[in-house]
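For reference, the structure is listed below as structure tokens.
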Number of protein chains: 2
Amino acid sequence: MMKRVGIDALSIKDFYLPLDSNAETVKGVGEKFSAAGIRIYAAGVIYMKTQAEVDRAFDYAKMLGVDLIVGVPNPELLAYTEQKVKTYNIRVAVHNHGPGDLYPTPVEVYEHIKGLDPRIGLCVDIGHTARAGGDPVKMVRDYAPRVLDVHLKDLSVITKEEHAIDLGTGVLDIVGLLKSLIHNRYIGYCSIEHELDMNDPLPGIAESAGYFRGVVKALG
Amino acid sequence: MMKRVGIDALSIKDFYLPLDSNAETVKGVGEKFSAAGIRIYAAGVIYMKTQAEVDRAFDYAKMLGVDLIVGVPNPELLAYTEQKVKTYNIRVAVHNHGPGDLYPTPVEVYEHIKGLDPRIGLCVDIGHTARAGGDPVKMVRDYAPRVLDVHLKDLSVITKEEHAIDLGTGVLDIVGLLKSLIHNRYIGYCSIEHELDMNDPLPGIAESAGYFRGVVKALG
């Protein structure tokens, strides 16, 4: 499916490669993607509620050969996470998950990480941010140097309970967001988080990919 | 498939509704689309090599209730076609089909129709235009008031023999084209002509639709 829509990178989730996999399994999965011409650019989203889970996440990322963890370390583990970042030279993009989460929006993430090593930054999830009343366009501008990853999706309407739909079919300001990312010289990935029609996801992924490319192309 | 990608209008081809269908069949097919929330905005592409074929095309369009024929009347039939346009008040967008065609690009169409009733205009096919060495962006600007329909597609490279691929995956200047159409206040449709992976066309159609909407949205 990724090949068909011309997407050649992904952030791998534990659903596809469990966090407790042994080195051989991790290596095998990594090689499969590599052989298919797909770059695993990040591991995550990985929740980290204990030091052991932080350790495991970094070992997993290291085995995979990725230099970015999209993760959710509990706030009290951020100092420990920073030590690991320094030791492994693997970056951590802290993901916001909307109402009820430890980090509803990038604002709460930024307040916790602003004093830490700059390799700890944000994964701005625009859907969860909007659900929590935040403005993703403003946030990718305000926190530009610390934005390490972006999760793209759309919402039919902005309510707390809303689920992700295909890009361009909802109300989120995708154009404003991409304009801001380009303006701020964002060099990371934009991941399409597809959660619709999961028994036949390809058409929706294709529509989102097309929309993203159309906007980016038109913005020059 | 159209509903899934949010496309609610089409130009019907004889493949779906033969030109020699009786009134009952035409009415039935028209009602099926209507019941599904889809507007048949044009009939075509219809080739017309004789007066009888011109007559048949207009009767077909009238039965369908469309006010636009995307057609290819032989040049010697254009005067007769103009009479029919006046009688039926049905417009004709003359389609260009690239190298070897009666009308390789909109230039040849325009030279033949410029003195005729303005309800005879162009269906600019950007792929066939490019294959014949023409610049679709320039042509939708130069012939703006006479552009009645647009066929969108992309090409991997520009050669005479090239086949259509999904929008945004090739080299045609879709952004420039849509910018020009918007600038010239084009009010017709842009039809996605999908000719790839015909055993499973939905993902490609979805990608093209997404790309089109992304560009249009970004252009404001």
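The values are calculated or read from the model by the stated rules, or taken from the named source; none is laboratory data. Here the structure is a predicted model, which is why all the values come from computation and not from measurement. Neighbour counts run over all protein chains shown; Cβ positions are idealised from the backbone, glycine included.
For region A:193-220, the set of residues classified as surrounded by 24 or more Cβ atoms within 10 Å (Cβ to Cβ) and aromatic (Phe, Trp, Tyr) consists of A:TYR211 only.
Do we have any residue at all in region B:143-164 that's polar (S, T, N, Q) and either in contact (Cβ under 8 Å) with a residue 40 or more places away in the chain or surrounded by fewer than 19 Cβ atoms within 10 Å (Cβ to Cβ) (or both)?
yes
For region A:110-127, the criterion of being touching a residue at least 12 places away in the same chain (Cβ under 8 Å), touching a helix residue (DSSP H, G or I) at 6+ places or on another chain (Cβ under 8 Å), more than 23 Å from A:LYS153 (Cα to Cα) and acidic (Asp, Glu) is met by at least one residue. Within region B:30-47, the set of residues being hydroxyl-bearing (Ser, Thr, Tyr) and in a helix (DSSP H, G or I) comprises just one member, B:SER34.
Has region B:189-199 got any residue that is in contact with a strand residue (DSSP E or B) (Cβ under 8 Å, 6 or more places away or on another chain), more than 14 Å from chain A (Cβ to nearest Cβ), within 27 Å of A:LEU202 (Cα to Cα) and of a type in the set (S, T, N, Q)? Looking through region B:189-199, at least one residue is in contact with a strand residue (DSSP E or B) (Cβ under 8 Å, 6 or more places away or on another chain), more than 14 Å from chain A (Cβ to nearest Cβ), within 27 Å of A:LEU202 (Cα to Cα) and of a type in the set (S, T, N, Q).
Of all residues in region B:138-173, those satisfying the criterion of being over 13 Å from B:SER191 (Cα atoms) and within 14 Å of chain A (Cβ to nearest Cβ) are B:SER156, B:ILE165, B:GLY168, B:THR169, B:GLY170, B:VAL171, B:LEU172, B:ASP173.
Within region A:1-17, being within 23 Å of A:ASN199 (Cβ to Cβ) and more than 14 Å from chain B (Cβ to nearest Cβ) holds for A:LEU10, A:SER11, A:ILE12, A:LYS13, A:ASP14, A:PHE15, A:TYR16, A:LEU17. Being touching a strand residue (DSSP E or B) at 6+ places or on another chain (Cβ under 6 Å) and at pLDDT 95 or above: is that true of B:ILE182 here? Considered against the rule, which asks whether it is touching a strand residue (DSSP E or B) at 6+ places or on another chain (Cβ under 6 Å) and at pLDDT 95 or above, B:ILE182 comes out as no. The residue that is nearest to the chain's Cα centre (by Cα), counting only those in region A:67-109 that are small (Gly, Ala, Ser) and surrounded by fewer than 23 Cβ atoms within 10 Å (Cβ to Cβ), is A:GLY98. Just one of the listed residues (A:TYR103, A:TYR110) is at pLDDT 95 or above and in a helix (DSSP H, G or I), and it is A:TYR110.
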